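Below is one structure, written out as structure tokens; the observations come after it.
The values are calculated or read from the model by the stated rules, or taken from the named source; none is laboratory data. Note that the structure is a prediction, hence the values are computed from the model and not measured. Neighbour counts run over all protein chains shown; Cβ positions are idealised from the backbone, glycine included. The area values use the complete protein model at the heavy-atom level, side chains included, leaving out ligands, DNA and RNA. Shrake-Rupley method; radii C 1.70, N 1.55, O 1.52, S 1.80 Å.
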Amino acid sequence: LLMQQSLGAEARQRLEMMAREVRRLSRMTNNLLLGAQLESAPVFTPAEVNLNELLGEVTKEAQVLGEGLNFKVSTPEIVVILGDYDLLKQMVLNIVDNAIKFTPKGGTVSMSLGCNENYAVITVSDTGRGIPRQHLAHIDKPFYKADASGKTQRGGAGLGLAIVKQIINLHNGQMEIDSQESVGTSVTIRLPLS
């Protein structure tokens, strides 16, 4: 319908609003399905995953989603781990999506990759509004939303970080979240090296 040239401005605006809502519901449904699959003790055959390539793909997608934001990526060394490429990509995308949601236009989202002892370390930081301290212990629980006010332009269902946690656990990794209100948030993921 949106492709029709004769469509009036008001009808076009309503159809675009419906299309955005359908995309949101589709993302939520996919997250619910992925969460259920991860809870049912998934089995996967680990393969070598080049995290540099993975972050490169995520960066391209993030730049489309985060129009008006500055993106900085630092991947100075090639880092390879054993894991599931698609799940790991979803993990990083979920973290970056949160950074985009809560960072105002003109802000910065940074991704870095490195090694620390026996772990690959991925860090996603933003210059967004930060997470109030009382929410930090709960934000990786399913359906928990630190922003219940609806102040973000793109609301979520509170599933993103719960899925991130499940993927990290599946890969025997660790997650640490540091945040300061009005300063920003930094999420650090540690995954065992190959």
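May I ask you to give the percent of accessible area on region 68-108 that is carbon plus sulfur, with a probe radius of 1.4 Å?
Heavy-atom surface of region 68-108 belonging to carbon and sulfur, 1.4 Å probe: 52 percent.
Please identify every one of the trypsin sites (Lys or Arg not before Pro) in region 61-127 that sits in a loop by DSSP and has no more than 15 other beta carbons within 10 Å of its own beta carbon.
Filter output for region 61-127: Lys105.
Please label the shape of region 44-88 as rounded, prolate or oblate, based on the square roots a ≥ b ≥ c of the eigenvalues of the alpha-carbon gyration tensor (a/c under 1.5 means rounded; beyond that, a/b larger than b/c means prolate, else oblate).
oblate
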